[in-house]
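Below is one structure; the comments refer to it alone.
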Amino acid sequence: LEVMDRVAIQNPDVRFLVASYKPHQMEKCRAAYEASGMKLPIDFFTGKTSEIINISDCGLMVSGSVSLEFVAAGTPAITFYTVSPVTRWFAHRLITAPFIALPNLMAGRTIMPEYFVASSERHLATWLARDLNEWLANPPALESVKAEFDQLRKSVYETGATTRAASAILKLLNMTDEQRLAA
């Protein structure tokens, strides 16, 4: 809500679409918004994540796998993970991966801004709003991220999955029991 408030101040025509996977998640978001007393242009949805990603200029997410949906749609997004201070302390000592967001791991570089912070981090809303406001104020920056997403998509995208799956199934069906066990 704090991020939305900061973005709305700089972008008075903005509209926030909040996508939830399950109805109880949407109700939790709606209740938090109503309890805040804020007046923001927000709409809440369940089961419409893909549609929202496709019509949005950019997004902000907290989940991991949904980042791949943003890449597939070519919609720039920022991802963040908040964990307890203790978890963050251990994670920074144990995790050796250079990135957390799946698109960044796949690309081997930062194409999606990511933040992995302790829940006590005071500046997270400032950082997230700053990044979103920069994109919204600078359409060429948004286009640059879209181009990065397109390049990543092209590097991993391969058509014909259904044909390959059908061929594999037919091949298995034509094998003897011994051949199937060996496979």
Condition test on residue 141, is it farther than 20 Å from residue 71 by Cα, open to solvent by less than 60 Å² (accessible area, probe 1.4 Å) and assigned to a helix (DSSP H, G or I)?
-> no
Considering 129, 125, 72, which residue is touching a residue at least 60 places away in the same chain (Cβ under 8 Å) and open to solvent by 50 Å² or more (accessible area, probe 1.4 Å)?
-> 72
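Suppose we filter 175, 112 for residues that are of a type outside the set (D, E, K, R), out of contact with any helix residue (DSSP H, G or I) (no Cβ under 6 Å at 6 or more places or on another chain) and open to solvent by less than 50 Å² (accessible area, probe 1.4 Å); which single one remains? Let's see the steps before the verdict.
Values: 112 fails: out of contact with any helix residue (DSSP H, G or I) (no Cβ under 6 Å at 6 or more places or on another chain).
Answer to the check: 175.
May I ask you to verify whether residue 43 is acidic (Asp, Glu), more than 28 Å from residue 157 (Cα to Cα) and in contact with a strand residue (DSSP E or B) (Cβ under 8 Å, 6 or more places away or on another chain)?
So residue 43 fits the description; yes.
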Considering residues of segment 140-182 that are charged (D, E, K, R) and under 30 Å from residue 56 (Cα atoms) only, the residue modelled with the lowest pLDDT | 158
In segment 47-69, residues that are among the β-branched types (Val, Ile, Thr) and crowded, with 20+ Cβ neighbours inside 10 Å total 1
In this structure, is residue 87 touching a Pro at 6+ places or on another chain (Cβ under 8 Å) and surrounded by fewer than 18 Cβ atoms within 10 Å (Cβ to Cβ)?
-> no
When both residues are 6+ apart or on different chains and their Cβ atoms are under 8 Å apart, which pairs have a first residue that lies in segment 1-21 and is more than 15 Å from residue 77 (Cβ to Cβ) and open to solvent by 50 Å² or more (accessible area, probe 1.4 Å), and a second that is assigned to a helix (DSSP H, G or I) and not small (Gly, Ala, Ser)?
-> 1/33; 6/126; 6/133; 10/133; 10/136; 21/49
Pair list, Cβ under 9 Å, 6 or more apart: segment 99-116 residue within 19 Å of residue 132 (Cα to Cα), other residue basic (Lys, Arg) | 116/88
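The values are calculated or read from the model by the stated rules, or taken from the named source; none is laboratory data. Given the structure is predicted, the values throughout are model-derived calculations rather than measurements. FYI the Cβ positions are ideal-geometry reconstructions off the backbone, even for glycines, and counts take in every protein chain you see. When the accessible area is computed, the model is the full protein with side chains, heavy atoms only, and any ligands, DNA or RNA have been set aside. Shrake-Rupley method; radii C 1.70, N 1.55, O 1.52, S 1.80 Å.
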